[in-house]
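Shown next, in structure tokens, is the structure this report addresses.
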Amino acid sequence: MKQVIEINIRFKARHSMFSSHRWILVLSALLACIITIGVSGFAGTATTTTLASSLNPSTYGQDVTFTATVAPVPDGGTVEFKDGGTSIASVAVNTTTGKASFTTNSLSVGTHVITAAYSGTTNYDPSTSNTVNQVVKRASKVVVFCADTPLIVNTPATGTVTITGVPDAGSAPPTGKVHLSHTGNGTLSPSTYTLQESDGGQFEFTYTPADGDNSPHVITASYDGDSEYAPGTDTFEQEVTKRAVDIQMSLSPTSVYVLQPVTVSIHVEDDTTAGSPPAGWPNGIEISLDDGGAGGTFSDDTPALNGSGNCTVTYTPGPISGSPPETVTITASYTESSVYMAKSVSQSISVDLRPTQTTVKFDTSEGILVNESTGLTVTVKDM
């Protein structure tokens, strides 16, 4: 603020020799020397205003706080926040911190030119802030989807990722990279996809689970965002089931005597209609054999399958513990793996005591008399 000081200067005539005419002229000239001097030494304190955004870029609908800081801290005044040329708020300055803040979540999608103008007071000059170009992006709604029914191990499925904007009206399709990942063992392709406007915000991927131990497998799609769309993410829980296996077993013969060998033939194959078995399966896979504790022996109780899924062993039944004939149940089992469900099959054989032949031979061939003793030999022979 400026003050005006008026200085009046007066002179007194000291010499009487001046004529009245000249006295009047001098007096008039002196009276005309009333000088008005503008003194500028009384101006207010200069200020600076700095504007900052709490979140830039922001997403549509998010709270954004704009803070104007006036320095030095003034003794009052207000800050007017403007979006371009439009006033959006007027906030009193905190006389302790010099700050004035304004929070909004109603900024539209696009770039907003935000400024803050300090009003000043009697003691502090007005000032205008720097410009903040506040970028507001559309929120990205990411939806990832694969199979709506459980997916069988080693069976490929086609999934989709769809990205739309919020708000969506009048927006161009999103562009930029989308990253795909998953839990569990499996193959997902592509792992990264770059959206073009021509994609319309959607693309397909293929997922093939390699095991069913950790179902569900969680597929995650993460969108990086672009100049108009904010980043976003979504997950899909894909249920996974293991493949089925079929075991065929034949026993020959099925009616035997104790210690009579039985040939056990086993064939194993994939029993799943979808997808395909893992490479090399079932070569080397072990099958477990048991007789339910009957006491017999196998030539190998964990035989390995060949490339065709076959193996052959010999079973020898042990002694009978109950009344003959005794039924012995032989079971072949496939142990559950990360790819296949467990499977077992059982068949029974009848085990009887071994047949024998008993012969009696007297020590003499000429016969014996009444009350005559003689020796004899009894022979029992396995038949």
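Just so it is clear, none of the values below were taken in a lab; they were calculated from the coordinates. Values in this document were obtained by computation on a predicted structure and should not be read as measured data. In this analysis, Cβ positions are derived from the backbone assuming ideal geometry, glycine residues included, and neighbour counts consider all displayed protein chains.
Note on the chain: helix-only mean residue ellipticity at 222 nm, from DSSP H runs of 4+ residues weighted -39500 (n - 2.57) and normalised by residue number, equals -1000 deg cm²/dmol. Each peptide in 132-138, 112-118 receives the mean, over its residues, of other Cβ atoms within 10 Å, and ordering these scores from highest gives 112-118, 132-138. Close amide H partners of Tyr257, meaning residues 5 or more places away or on another chain with modelled amide H under 5 Å apart, are Asp352. Using the alpha-carbon centroid of each, what span in Å lies between the range 62-78 and the range 136-168? Using only Cα atoms to place each centre, the spacing works out to 44 Å.
Partners of Lys343 within straight-line reach, counting aspartates and glutamates whose Cα lies under 12 Å from its Cα and excluding those fewer than 8 residues away in the same chain: Asp246, Glu269, Asp270, Asp271. Using θ = phi - 60° in the Karplus curve 6.51 cos²θ - 1.76 cosθ + 1.60, the 3J(HN,Hα) couplings for the range 358-363 round to 10, 10, 10, 10, 7, 6 Hz; x is entered for Gly and Pro.
Exposure proxy ranking for Asp63, Asp352, based on other Cβ atoms within 10 angstrom of each Cβ and starting from the fewest, stands as Asp63, Asp352.
Listed by chain and number, the aspartates and glutamates whose C-alpha is less than 18 Å from the C-alpha of Lys381, apart from same-chain residues fewer than 8 away, are Asp352. Seen against the Cα atoms of the chain and their longest principal axis, helix 20-31 is set at about 10 degrees. Take the Cα of Thr327, step 7 Å toward its Cβ, do the same at Val218, and the gap between the two points is 5.1 nm.
Remark on the range 97-198: hydrodynamic radius 18.8 angstrom, per the Kirkwood mean of 1/r across alpha carbon pairs. Looking at (i) 112, 23, 12; (ii) 43, 36, 22; (iii) 43, 23, 19, which value of semi-axes √(5λ) of the Cα gyration tensor in Å comes from a calculation on the structure shown? Working out semi-axes √(5λ) of the Cα gyration tensor in Å from the coordinates points to (i). Using the alpha carbons alone, the radius of gyration of the range 206-333 stands to its Kirkwood radius in an Rg to Rh ratio of 1.29. Under a 5 Å amide H cut-off, with hydrogens placed 1.01 Å from N, Thr48 pairs with Ala71 among residues at least 5 apart or on other chains. Take 212-223, 294-305 and order them by the average number of nearby Cβ atoms within 10 Å per residue, most first; the result is 212-223, 294-305. Per-peptide packing, taken as the mean over residues of other Cβ atoms within 10 Å, places 181-187, 141-147, 270-276 in the sequence 141-147, 181-187, 270-276 from highest down.
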